[in-house]
Amino acid sequence: MISVVKAGKWIAKHRVLILIVSALLMIPSFFGIVNTRVNYDLLSYLPEHLETVKGQDILVDEYGMGAFSMVVVEDMELKDVQKLEEKFSEVPHVKDVLWYDDAADISLPVEMLPKDIREAFFKGEATMMLALFDNTTSSDEAMDAVTQMRQIADKQCFISGMTGVVTDIKNLCLHELPIYVVIAVLCCLLILELTSTSFLVPILFLISIGAAIVYNLGSNIFLGETSYITKALTAILQLGVTMDYSIFLLNSYEENKKRFPGEKERAMGHAIANTFKSVVGSSVTTIAGFAALCAMTFTLGRDLGIVMAKGVVMGVLCCVTLLPSLVLVFDKWIEKTKNVIQYASVAFQASNLFTWTHYKESDPESGSLVGTQQPVFTLKLSVSF
């Protein structure tokens, strides 16, 4: 325990150095985030002994194709559809595009085609093509091909199939990920501001946790790639799991400031030691829970488990190094912003909500009133600054 306290005091003493190192570590972390490949192919996480995986490998290795997309074209002249087919065929990783002109000349009236061919390629004013790709359903090459085909096509053309669906999921994740991360941060910030004694403290919490998330995502470069599901969940899960550590550190620091008045570094050193001792137990169990995901044969669990286990470790390290440094550097500002809003309370006072009033039978014409209910309600709003 004494050595932990010494380490805590060293951290408190060298807080500026820690902040500089933390800032510099952001550079390789962002580099890692940018250069870590995101895998959208859930099939690649399936065990190799499954028939689905074996069949996919045979399609790619022996037939040179593994994915396809249906292309539906509405209200377009057949000659224009043929030109569109030719453009699709020129897209990289598109192995072939199948349409009815592979079986008959487009000068032949559609009505004269055999029934099975006509029904396979035509429905009302719409016709369908089949685009074959030279890679697996969720591969980057197939998704890039779908993206290029959509750029070539106009509003009368619709591209579907599993590769198209995966491409839409990819685009949706890339678009919505920043949105729900911002929503989560704002919700945490609002709750912390309402419960904290200083409006600056929640901001420091989020800076520390945000740095831990960036370090974690940046270190994924050593894994080579992560799934899009892992990327989407990591920030939110890590924010929720590690927030308690920050709150515990601050509460311990406030208690130790009372024990050691005027000795902030000493108080923070003991706070770091107390936090580390308490947090290690809970964090180890959390890490063990995420590590258990590595036992899944569906290796997406291993992907998520490793990243989240790293995230907990990063969260603990930032909680006992970066956050104490931030708190000490901004301690004067924290004290100045304390008790800006002491409390805001809404009190509802209701006395004699219903009173029972008796009337005498003094007026024969109106009859007798045994009693009536008279509501009395008082609302008191008290806000103190």
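Just so it is clear, none of the values below were taken in a lab; they were calculated from the coordinates. Owing to the predicted nature of the structure, the values given are computational and were not obtained by experimental measurement. For neighbour counting, all protein chains shown are included, and Cβ atoms are generated from backbone atoms with ideal geometry for every residue, glycine included.
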- Item | Helix-only [θ]222 nm of the chain, DSSP H runs n ≥ 4, -39500 (n - 2.57) each, per residue, nearest 500 | -20000 deg cm²/dmol
- Using a 10 Å Cβ count of at most 12 others and DSSP loop calls, identify the longest part of the chain lacking such GluC sites (Glu not before Pro). 126-360
- Message: If each residue of separation counts as 0.36 nm, what is the full-extension length gain between residue 265 and residue 87 once their alpha-carbon separation is subtracted?
- Response: 57.2 nm
- Task: Enumerate by residue number the chymotrypsin sites (Phe, Trp or Tyr not before Pro) in the stretch 259-311 meeting two conditions: DSSP loop (anything except H, G, I, E, B), and at most 14 other Cβ atoms within 10 Å of the site's Cβ.
- Result: 298
- Quick one: angle between helix 228-259 and the longest Cα principal axis of the chain, in degrees between 0 and 90, rounded to 10, please. 10
- Query: Taking the simple approach of a point 7 Å from Cα along Cα-to-Cβ for both residue 14 and residue 317, what is their distance in nm?
  - Reply: 1.5
- Using a Gaussian network model of the chain with C-alpha springs under 10 Å, which one of 268, 112, 26 is most mobile by mean-square fluctuation? 112
- Message: Contact order normalised by length for the chain, with contacts defined as Cα pairs under 8 Å and 6 or more residues apart; what percent is it?
- Response: 22
- Could you sort 146-152, 55-61, 238-244 so that the peptide with the highest average Cβ count within 10 Å comes first and the rest follow in order? 238-244, 146-152, 55-61
- Message: Taking 41 Å as R0, compute the FRET efficiency from the Cβ-Cβ separation of residue 180 and residue 338 and round it to 0.05.
- Response: 0.80
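Kindly flag which residue pairs out of 115/170; 6/310; 54/95; 83/231; 95/155 have an alpha-carbon separation exceeding 31 Å in this structure.
On the way: 115/170 38 Å; 6/310 26 Å; 54/95 21 Å; 83/231 40 Å; 95/155 24 Å.
Flagged as over cut-off: 115/170; 83/231.
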- Square roots of five times the C-alpha gyration tensor eigenvalues of the stretch 24-169, ordered largest first and given in whole Å, equal 35, 19, 12
- With the 8 Å Cα cutoff and a minimum separation of six or more residues, the stretch 50-166 has a relative contact order in percent of 41
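Report the extension gain between residue 329 and residue 70 in nm, rounded to one decimal, defined as 0.36 nm multiplied by the number of residues separating them, less their alpha carbon distance. Don't skip to the answer; put the middle values down first.
Details: separation 259, 0.36 × 259 = 93.24 nm, distance 5.99 nm.
Going from the current span to full extension adds 87.2 nm.
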- To the nearest 10 degrees, how steep is helix 140-152 against the longest Cα principal axis of the chain, on a 0 to 90 scale? 80
- Message: Quick check: the distance between the Cα centres of the stretch 149-185 and the stretch 88-117, to the nearest angstrom?
- Response: 28
- Query: If you project the alpha carbons of the chain onto the principal axes, what extent comes out on each, in Å, largest first?
  - Reply: 96, 93, 36
- Task: May I ask you to derive the FRET efficiency for residue 199 and residue 223 from their Cβ-Cβ distance with R0 = 22 Å, giving the value to the nearest 0.05?
- Result: 0.05
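Can you tell me the length gained on complete extension of the stretch residue 295 to residue 107, counting 0.36 nm per residue apart and subtracting the Cα distance?
So the extension gain works out to 61.7 nm.
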- How about residue 79: which aspartates and glutamates have a C-alpha closer than 16 Å to its C-alpha, ignoring those fewer than 8 places off in the same chain? 101, 102, 105, 125, 154
- Query: With +1 on each Lys and Arg Cβ and -1 on each Asp and Glu Cβ, how big is the dipole of the chain about its Cα centre, in debye rounded to the nearest 20?
  - Reply: 3480
- C-alpha center-to-center spacing [the stretch 1-55, the stretch 255-273] in angstrom: 30
- Straight-distance crosslink candidates among aspartates and glutamates, where the alpha carbon sits under 19 Å from residue 258 and sequence neighbours closer than 8 are dropped: 331, 335
